[in-house]
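First comes the structure, then the notes that go with it.
The values are calculated or read from the model by the stated rules, or taken from the named source; none is laboratory data. Keep in mind the model is a prediction, meaning the values are calculated, not measured. Using ideal geometry, Cβ is built from the backbone for each residue, glycine included, and neighbour counts are taken over all protein chains shown.
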Amino acid sequence: MAFDYDLFVIGGGSGGVRAARVAAAEGAKVALAEDDRYGGTCVIRGCVPKKLMVFASEYPGHIADAQSYGWDVTAGDFDWTAFRTKLHAELDRLEGVYRSILKNNSVETFDARATIADAHTVELSTGERFTAKHILVATGGRPVKPDLPGSEHALVSDDMFHFDKLPGSILIIGGGYIASEFAGILNGLGVDVTQYYRGAQILRGFDEEARGLIADEMIAGGIDLHLGTNIVSMEPVEGGYKVKATNGSENVFEQVMFATGRSPNTSGMGLEEVGVKLGRKGEIVVDGYSQTNVPSIYAIGDVTDRVNLTPVAIREGMAFVETVFKGNPTQVDHDLIPTAIFTQPEFGTVGLSEEDAAKQEKIEVYATSFKPMQQSFAGRADRVLMKLIVSQESRKVLGCHIVAPGAGEMIQLAGIAVKMGATKEDFDRTVAVHPTMSEELVTMKVPVRSA
Ligand code: NDP
């Protein structure tokens, strides 16, 4: 049977665009449909604008430090409108780059919503129908809010880039990546930030010592963080929203933002109707090759809820093309993925937390926490953490956790060593780069504890 396309990709985010481009470069006839902006969550309403906001929010600290270093400078006011205008111009530019990547690789694009009509047919919101030998679903996810009185008034992370003016105060609900990153960003931009997290410590699942230090520093930096606290209800009042909390308090905040997790974009797409198996959260269930139980339909990225990170979606897209279009069955290795959380202070992490490693085997913990030179000279009390988790038996470094300015940059490099299976002794025989913060990773001689 002749199909209109070899591949129809649904979703123009990082994963979908990469798969479409690489498949087309292999000579496949490829189409892609996107009903929103090209670039997807990461480029349009996630990683990229978030990180630019992190940069913007860090300048008051840099300026205060500059004064301590003898510079005669003062911060003045932050012009949100000027920043936002520039931010959106940059996002427009990047969206253009994504569109031209597809065009230059002869991928046919449709600015339309796509649904799956059968195992080989895609139907667009324009009414057009196309057949394809393979369909790749890369529709990502979206923020979800819990259903509680008044939550329809609350913002989500998508809204953080569109304020007409920055609020005077905001309540952020959640203790994950997004809640904790935006708490730091908005605090740095001068917004009065309160954060409620229902659990005992933010960033659940990560190394406890690192989480503890990040939370302490966030509080020291001015964020009013309430652990073991959740929202009960909210209602509009003069000047914002009155929020009732589980601790019995009632406070008014100008804005409320829920960062309470994300949900895969699978509803209303015809997936279940054609027999594609979905998981408990609505995610598409795939095998190691990103293939669903309907052999012609594959899925990559956040919609599969494996490891929800842009570079992982890109790898899944590449592996899909290797498997389907290059005859080289390739699974993505989801083990030992380094990642950065752009909290303030920044967190870079790879491998197992101390707690998870200790459950698995006997370990040694090497850790040091200190005031880094640059900030210490400026009179700041900020501390950084360098931590290695080492297997007693194999001597391999099982985990590396860095809380420090630039931790994201550092963990990319440490991640290579950990991924290669470096031992503690491999770290030790590497000469320190002096004077840096990360030199501590190769100079910690004595474990602080064994478990
Ligand atoms: P997470 O799943 O990381 O965190 C959700 C948070 O909301 C948790 O603290 C959770 O608490 C809490 N929560 C969930 N439901 C409720 C509820 N009903 N009431 C109160 N609190 C609730 O989601 P995020 O939205 O922060 O991020 C989504 C994903 O996006 C991340 O997993 C990550 O993969 C990706 N991401 C990555 C970034 C990076 O790489 N730097 C940056 C931003 C996002 P509990 O812990 O108790 O479940």
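Values as computed for the structure displayed
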read-out	value
Residue match in region 393-407 (condition: among the small types (Gly, Ala, Ser), under 19 Å from LEU352 (Cα atoms) and modelled with pLDDT under 95)	no
Considering residues of region 135-182 that are closer than 30 Å to VAL30 by Cβ and either within 8 Å of the ligand (Cβ to nearest atom) or of a type in the set (Asp, Glu) (or both) only, the residue surrounded by the most Cβ atoms within 10 Å (Cβ to Cβ)	GLY141
Tabulated pairs, region 57-79, first under 21 Å from GLU181 (Cβ atoms), second of a type in the set (Asp, Glu) and surrounded by 13 or more Cβ atoms within 10 Å (Cβ to Cβ), C-beta under 8 angstrom, 6+ apart or interchain	none
Hits in region 217-264 - residues which are among the acidic types (Asp, Glu) and surrounded by 15 or more Cβ atoms within 10 Å (Cβ to Cβ)	GLU217, ASP224, GLU254
Helices (runs of 4 or more DSSP H) lying entirely in region 1-109 (those with 3 or more residues that are more than 19 Å from ALA319 (Cα to Cα))	40-45, 47-68, 80-104
Complete set of residues in region 337-358 that are in a helix (DSSP H, G or I) and within 13 Å of the ligand (Cβ to nearest atom)	none
Selection count where residues are without any contact (Cβ under 8 Å) to a residue 60 or more places away in the chain and acidic (Asp, Glu), scope region 217-254	3
Single residue of VAL332, VAL307, VAL294 found to be within 16 Å of the ligand (Cβ to nearest atom), farther than 29 Å from GLY184 by Cβ, of a type outside the set (S, T, N, Q) and in a loop (DSSP other than H, G, I, E, B)	VAL332
Failed item in (1) under 30 Å from MET53 (Cα atoms); (2) not in a loop (DSSP other than H, G, I, E, B), with GLU425 passing the rest	(1)
